[in-house]
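Everything below concerns the one structure shown next.
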Amino acid sequence: MEDPVDHDLVLLTFFLLFAVEAVGLLEKEASEQLQNHIKEQRRLCRSLPLEKRRVTWTGFCNRVSDSHFRRQFRMSRSAFSNLCSTLSACIGEHTFRPEDGLYSTSNAESLQRRGGLVPGEVKVAISLRILAGGSYLDLSPLFEVSSAHIYQIFEQFLDWVLKALEFPLARYIYDENWEALKGISDEFSYGSNGVFSGIIGALDGLAVRIRSPLLTEVSDPGNYYCRKGFFALNVQAICDRSRRFTWVYTSNKGSTHDSVAFTNSRLYSLMSAKAVLLEQQGIYLVGDSAYNLTPFLLVPFSTDEIRNDSGDMCDAFNFFLSSSRINIECAFGELVRRWGILWRTLHFDLAKSQRVVQVCMLLHNYIKNCHENDDDIDEVDWQPRQHPSANNERAFPLVSDNNEQIPRGRRTAGQDLDRKKGETIRRSITVMLQLQGLRRPMHSGMRYNQYGHVFFDG
């Protein structure tokens, strides 16, 4: 007979196993119900509109004084508003989305649930602060915009400015707008009693620091390493007497010589094609000794020519030419002084670095056209800080490639012909200076350097 004790033990074991399995199934079902409940709550929370916490542009402006606003954005409130109006008119109000028309768009409610729309004025303010030297680490909490969104806004702003503003010189020459070019030359002729009456711009090059280009961007990153000892873009620019940039070319490698960099530009090809017309109109550019002499680009006399000139008329020509050409040096200085992003290396890809330089120059022109000066702005706000940053990088000044001699080598027949025509124009101006008795004002301590340029000794 079966032992009744063993039979009871088997039944007890069976019931225990059944209970354990039942408990496991109940726990699994409860866990699934909990997960489903959590998912449902998350869905419900996402569907609820969030209260907008982002600061409005009007609210921000009410907290900032006029002087502080100008220090932050490098322009007055009125100039800022006009810039926003110009950009909005160019790209369209639906794209710009000014704050006063913020909620008229069809998708405003859906965007509001993600924290609120970023009005166009805030996008312009964020971008101007980046150009002025601000960091996304400060701008993100200030305007309550995510760090990832900051540079998306900046990229959008670069496109807006490049569409809305322009450098007019190439268009004037292409359209043969002699009246506009004559207006530029009249400003330059002021200091020479009308002798230098045909200058339509001062030309020079600027080395802008960039990071080392990647092999995915260019096949020869080493050629961007300039003779000053850093990776750079050789930026060629022309300005008028009011120090507004009328043309810029940013595509040259840092190791490119100024004369070659200008020759590579479309403006050089355009002026070469219209050289006869430009000569007939008596208009030309002025540059330093780094450029080749042509009928449409006058450069100073060489050191040997000055030494062999007993009448000092070559020196007089150099003086009045430099008096006009110095405006491009001053324009570069004002540009760097205004936009703090140029105080350090541009850590963007090549294409974006070029666009940043162009936008800085266009906004420089815009501020000039608003007739605003920088006299009332604290000098400390403009100067590069000398203490190292978080990445141990110090602020470096931009370097202007001045007085770099023309590369040696035999000139082509076309270059010889252009030089002869340029010498004829240069000599005719020298004769006019002599007839009017115009000379360099001499002072004690003036000396010539090896390039024929004057400096003060002691």
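The values are calculated or read from the model by the stated rules, or taken from the named source; none is laboratory data. All values derive from a computational prediction rather than experimental measurement. With ideal geometry, Cβ positions are generated from the backbone for all residues, glycine too; neighbour counts draw on all protein chains shown. Quick note on the areas: whole protein, heavy atoms, side chains included, nothing else; ligands and nucleic acids left out. Shrake-Rupley method; radii C 1.70, N 1.55, O 1.52, S 1.80 Å.
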Taking region 208-227 on its own, how many of its residues are surrounded by fewer than 20 Cβ atoms within 10 Å (Cβ to Cβ) and in a helix (DSSP H, G or I)? 3
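Inside region 303-322, can you point out the residues that are small (Gly, Ala, Ser), surrounded by fewer than 17 Cβ atoms within 10 Å (Cβ to Cβ) and in contact (Cβ under 8 Å) with a residue 24 or more places away in the chain? Give the steps one after another, and end with the answer.
Start the filter on region 303-322 by keeping residues that are small (Gly, Ala, Ser), which leaves 310-311, 316, 322.
After this cut, where a residue has to be surrounded by fewer than 17 Cβ atoms within 10 Å (Cβ to Cβ) as well, the list is 310-311.
Once the filter is applied, which keeps residues that are small (Gly, Ala, Ser), surrounded by fewer than 17 Cβ atoms within 10 Å (Cβ to Cβ) and in contact (Cβ under 8 Å) with a residue 24 or more places away in the chain, region 303-322 yields only Gly311.
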Given the conditions (1) open to solvent by 10 Å² or more (accessible area, probe 1.4 Å); (2) over 19 Å from Arg325 (Cα atoms); (3) under 20 Å from the mean Cα position of the chain (by Cα); (4) not polar (S, T, N, Q), every one holds for Gly254 apart from (1)
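Among residues belonging to region 409-436 that are open to solvent by 50 Å² or more (accessible area, probe 1.4 Å) and among the small types (Gly, Ala, Ser), point out the one that is modelled with the highest pLDDT.
Initial filter on region 409-436 (open to solvent by 50 Å² or more (accessible area, probe 1.4 Å)): 409-413, 415-417, 419-421, 423-424, 427-428, 431-432, 434-436.
From what is left, the residues that are among the small types (Gly, Ala, Ser) are 409, 413, 428.
Numbers: Gly409: 59, Ala413: 71, Ser428: 90.
Among residues in region 409-436 that are open to solvent by 50 Å² or more (accessible area, probe 1.4 Å) and among the small types (Gly, Ala, Ser), the one modelled with the highest pLDDT is Ser428.
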Please go through (1) part of a loop (DSSP other than H, G, I, E, B); (2) within 20 Å of Trp57 (Cα to Cα); (3) modelled with pLDDT of 95 or more for Phe167 and return the number of the only condition it doesn't satisfy. (2)
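Within region 161-169, is even one residue under 21 Å from the mean Cα position of the chain (by Cα) and basic (Lys, Arg)?
First pass over region 161-169, keeping only residues under 21 Å from the mean Cα position of the chain (by Cα): 161-169.
Next cut, basic (Lys, Arg) only: 163.
Scanning region 161-169 turns up at least one residue that is under 21 Å from the mean Cα position of the chain (by Cα) and basic (Lys, Arg).
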Options Val299, Val260: the member that is open to solvent by 10 Å² or more (accessible area, probe 1.4 Å) and among the β-branched types (Val, Ile, Thr): Val260
Sole miss for Ala237 among (1) surrounded by fewer than 21 Cβ atoms within 10 Å (Cβ to Cβ); (2) among the small types (Gly, Ala, Ser); (3) touching a residue at least 60 places away in the same chain (Cβ under 8 Å) is condition (1)
Which one is most open to solvent (accessible area, probe 1.4 Å), of the residues in region 64-78 that are part of a helix (DSSP H, G or I) and touching a Lys or Arg at 6+ places or on another chain (Cβ under 9 Å)? Asp66
Members of region 196-224 that are farther than 30 Å from Leu438 by Cβ and within 20 Å of the chain's Cα centre (by Cα): Leu206, Ala207, Val208, Arg209, Ile210, Arg211, Ser212, Pro213, Glu217, Tyr224
